[in-house]
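Reviewing the structure listed below.
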Protein chains: 2
Amino acid sequence: MNLKEFANLIGLSQTTVSRAMSGYPEVKAETRARVLEAAERLGYRPNISAQRLATGRAGAIGIVFQGGGRFGPHSSEFMGGLSTSLQKDGIDILVSTVETLEDEEAAYRGFAASKRVDAVILHTPGCADPRIALLQSLDLPFIVHGRSEAAKPFAYLDIDNFGAIETAIQHLADHGHRRISLINGDTSSTYAHDRDNGYRATLQAHGIAMDPALIGQGEFTDETGFRLMQSFLALPAPPTAVIAGSMMSALGAMRAIRVAGLRLGQDVSLVAHDDVFPYLSPENLVPSVTTTQSPIRAAGERIGEMTLRLLQGELPETLQEVWEVDFVRRGSTGPAPN
Amino acid sequence: MNLKEFANLIGLSQTTVSRAMSGYPEVKAETRARVLEAAERLGYRPNISAQRLATGRAGAIGIVFQGGGRFGPHSSEFMGGLSTSLQKDGIDILVSTVETLEDEEAAYRGFAASKRVDAVILHTPGCADPRIALLQSLDLPFIVHGRSEAAKPFAYLDIDNFGAIETAIQHLADHGHRRISLINGDTSSTYAHDRDNGYRATLQAHGIAMDPALIGQGEFTDETGFRLMQSFLALPAPPTAVIAGSMMSALGAMRAIRVAGLRLGQDVSLVAHDDVFPYLSPENLVPSVTTTQSPIRAAGERIGEMTLRLLQGELPETLQEVWEVDFVRRGSTGPAPN
């Protein structure tokens with residue numbers, strides 16, 4: 001049964017049926033319920049291309065990555081979640097990979113001009129990210145994964161990065177740690193900036209002097225974690241604890257601790273931030289790893305839902321969420337050595 | 001400088017300039033060289049949308065996943081490689097997530113009708129995959145990641161899955177192992193079917209009787225690896241060696257071996273197939289893991305290049321590659337226990 005036949009059967013126009021099935025706000029709730037019920041009863045499945053024609057939508061949302069090398073485990077979990085919620089409405093994801101910020105901005109201008117996407121997901125924003133004002137000026141609906149400062153309100157979902165570090169340091173300080181290292185991401189991004197702020201503020205609240213030699217930043221890879229941890233352990237007064245920004249950096253830090261002949265959870269304690277990769281569980285490492293945790297797949301799925309609501313006409317300022325981060329104590333943290 | 005100004009400056013039509021810069025075969029090599037040289041000298045950078053208008057191309061290639069849950073570590077490494085080579089030509093990737101095979105076929109029909117993509121990447125094919133004939137009938141250029149049987153030739157890149165298992169079993173048999181388990185993927189897919197064939201043929205070549213109880217299949221996750229390995233170890237005559245289809249299944253198998261109080265590389269030997277995830281290195285596990293290895297990111301990058309060549313008019317039958325798989329011996333394999 002095609003759209004025309006189905007619309008005729010239930011006595012509505014093809015446009016109304018298409019819009020109802022895509023959940024557009026122009027259609028009354030009762031009409032939509034009637035259409036969905038009839039579709040289920042009569043076994044009608046919409047043809048996506050026909051829907052697009054009727055609604056004038058591109059049926060895709062865009063996401064831009066700077067460099068294919070950036071496409072890693074975080075991106076795939078996020079994209080998996082995003083596609084899970086977009087799939088229900090037959091919306092695709094257009095992935096554009098570019099070299100520079102300038103190219104990324106050109107990509108957004110291209111999206112707006114070509115109408116190839118209905119909305120954009122902006123990720124890893126900086127603290128006053130120019131891309132936000134650009135997207136607003138282009139009139140391209142968008143959701144930010146992360147937070148930023150901007151003159152006009154925008155839709156976003158972020159986790160409480162400040163609070164995550166605060167909890168981690170609280171836990172370590174309670175166990176007598178005073179020299180606590182931080183393996184952070186690039187602090188020009190808000191999430192890493194928030195973690196840096198959380199680190200400084202919480203140390204200060206515990207009367208612990210901040211030592212810049214204990215802070216490092218870089219990509220969330222095993223290699224960076226290893227290199228930074230080695231440099232911390234080589235200090236005249238090495239740390240007794242370390243906070244790793246991702247499970248990947250944690251793996252490298254654990255390796256550096258092992259190579260130095262130190263025992264994790266005894267000589268050095270470790271807290272990692274876990275974005276929840278099903279194949280890299282902190283439970284299964286030896287010793288198991290204490291984490292602050294928030295599944296990035298769930299964030300992707302939620303952002304997909306928020307995108308659909310944005311396209312249905314909800315205002316950006318009503319689509320703003322900050323998720324609390326869980327703390328799970330495991331074997332990698334213990335009392336500071338004497 | 002825009003396309004018009006640049007084309008005027010060098011005395012060529014806008015269409016010729018666009019086609020030359022996109023490397024289309026309609027343009028002579030010397031004209032292309034002249035355009036590229038002038039672009040570099042005069043600092044002209046093409047506007048991608050204008051190029052699309054001039055060339056009639058969508059500027060995107062499509063890839064379909066059945067279920068957002070399927071979007072995992074393998075997909076992200078592959079997509080990272082793919083986008084690295086497509087990025088150079090400003091080509092995007094349209095990711096469509098669907099529920100069933102029927103929906104996937106509808107997605108390809110939609111791609112062909114809407115001209116939203118110039119080509120498609122088909123992945124994880126079955127042994128006589130109906131999607132290949134469909135794409136051929138739709139006249140949609142495509143490259144297969146993997147192999148299949150089809151009436152007409154098509155472009156593909158695959159790794160030698162049969163040879164990988166052959167090498168692994170050879171190594172284990174040389175060390176006296178006779179009871180060798182296989183943790184495979186779903187054998188309705190060619191890659192897993194080839195591995196299964198490699199397993200059976202090589203055991204036979206070594207005069208080892210095949211025991212169906214030693215074979216399991218499922219998703220490449222830690223959980224499946226754990227569950228299958230536990231069931232193998234519970235057999236009246238448990239295996240002394242296991243071949244895991246991915247690093248993820250290997251992690252689960254290692255955990256099951258540890259939980260059973262057995263020593264990896266002594267009581268039980270393990271060979272894993274490693275698609276090379278930068279954050280999950282077999283070197284860094286304890287003990288380090290013997291692998292057959294082939295980087296899936298490099299495969300993605302190569303498939304991106306092959307797609308560009310296909311779009312430039314090269315014939316599918318000239319774009320067929322099978323990559324040899326490397327074998328790296330490490331600490332997880334040793335002599336069979338007495």
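Please treat every number below as a calculation from the coordinates, not as lab data. Just so we're clear, the structure is a prediction, and the values are computed from it rather than from any experiment. Using ideal geometry, Cβ is built from the backbone for each residue, glycine included, and neighbour counts are taken over all protein chains shown.
Observations, loosely collected:
- For B:L172, net neighbour charge (Lys/Arg +1, Asp/Glu -1) across residues whose Cβ lies under 12 Å away: +1
- Annotation: the antiparallel percentage among DSSP beta bridges lying fully within region A:209-338 is about 25.
- Between region B:302-338 and region A:278-312, the alpha-carbon center distance in angstrom: 32 Å
- Cα gyration tensor shape for region B:73-121, rounded if a/c is under 1.5, else prolate or oblate: oblate
- Across the identical copies, the 7 Å label point of B:E40, projected outward along Cα→Cβ, sits 6.3 nm from its counterparts, in ascending order.
- Region B:179-209 versus region A:64-99: alpha-carbon centroid distance in Å: 34 Å
- Sorted from nearest, the other copies put their A:Q312 label points 4.7 nm away, the label point being 7 Å from Cα in the direction of Cβ.
- Seen from all directions on average, region A:188-338 presents a Cα convex hull projection of 10.6 nm².
- Derived scalar couplings ³J(HN,Hα) [region B:72-78; Karplus, 6.51 cos²θ - 1.76 cosθ + 1.60; whole Hz; x for Gly, Pro]: x, x, 5, 4, 6, 5, 4
- Each of B:H171, A:H206 was scored by other Cβ atoms within 10 Å of its Cβ. Listed from fewest to most, they are A:H206, B:H171.
- In this structure, the pairs whose alpha-carbon distance is over 25 Å, taken from A:K152/B:K88; A:K115/B:K115; A:K115/A:K152; A:K152/B:K4; A:K115/B:K28, are A:K152/B:K88; A:K152/B:K4; A:K115/B:K28.
- Cβ neighbours within 10 Å from other chains - mean over A:61-67: 2
- Close amide H pairs (under 5 Å, H built 1.01 Å from N) link B:F327 with B:Q293, residues at least 5 positions away or on another chain.
- Fraction of beta bridges assigned by DSSP in chain B that are antiparallel (%, nearest 5): 10 percent
- Potential lengthening between B:F327 and B:S137 on full extension [0.36 nm per residue; Cα-Cα distance subtracted]: 64.4 nm
- Among the residues of A:276-285, the average count of other protein chain beta-carbon atoms within 10 Å of the residue beta-carbon is 5.
- DSSP beta bridges confined to the protein assembly as shown are antiparallel in about 15 percent of cases.
- Of the trypsin sites (Lys or Arg not before Pro) found in region A:69-172, the ones in coil according to DSSP and having at most 15 other Cβ atoms within 10 Å of their Cβ are A:K88, A:K115.
- Of all residues in chain A, the one whose Cβ lies closest to the rotation axis carrying A onto B, together with that distance in whole Å, is A:S76, 1.
- Residue-wise HN-Hα couplings along region B:172-183, as the Karplus relation 6.51 cos²θ - 1.76 cosθ + 1.60 with θ = phi - 60° gives them from phi, are 5, 5, 4, 9, x, 6, 10, 10, 10, 8, 10, 9 Hz; Gly and Pro carry x.
- Teacher prompt: B:G176 distances to equivalent labels in other copies, 7 Å Cα→Cβ, nm: 4.9
- Ordering of A:316-322, A:101-107 by packing [mean C-beta count within 10 Å, highest first]: A:101-107, A:316-322
- Here is the P(r) of region A:150-252: all C-alpha pair distances, binned every 10 Å from 0, give 15, 46, 29, 7, 2 in whole percents.
- Cα shape, the protein assembly as shown, gyration tensor, a/c 1.5 rule: oblate
- The 3J(HN,Hα) values that the Karplus relation (6.51, -1.76, 1.60; θ = phi - 60°) gives for region A:111-117 are, in residue order, 4, 5, 6, 8, 6, 7, 10 Hz. Gly and Pro appear as x.
- Distances between placed amide hydrogens fall under 5 Å for B:G59 paired with B:D118, all partners being 5 or more residues away or on another chain.
- A crude spin-label estimate for the pair A:N8 and B:D174, with each label 7 Å from Cα along the Cβ direction, gives 7.1 nm.
- Prolate/oblate/rounded call for chain B, Cα gyration tensor, a/c under 1.5 rounded: prolate
- Calculated [θ] (222 nm, deg cm²/dmol) that DSSP helices of n ≥ 4 give over chain A, each run adding -39,500 (n - 2.57): -13500 deg cm²/dmol
- Efficiency of FRET between B:A237 and B:N284 - r from beta-carbon atoms, R0 41 angstrom, step 0.05: 0.80
- Förster-model FRET efficiency, 41 Å R0, B:A151 and A:I208, C-beta, rounded to 0.05: 0.05
- Near B:G126, the amide H atoms lying under 5 Å from its own belong to B:T190; only residues 5 or more places off or on other chains count, and H is placed 1.01 Å from N.
- 10 Å Cβ neighbours from other chains, averaged over peptide B:246-253: 2
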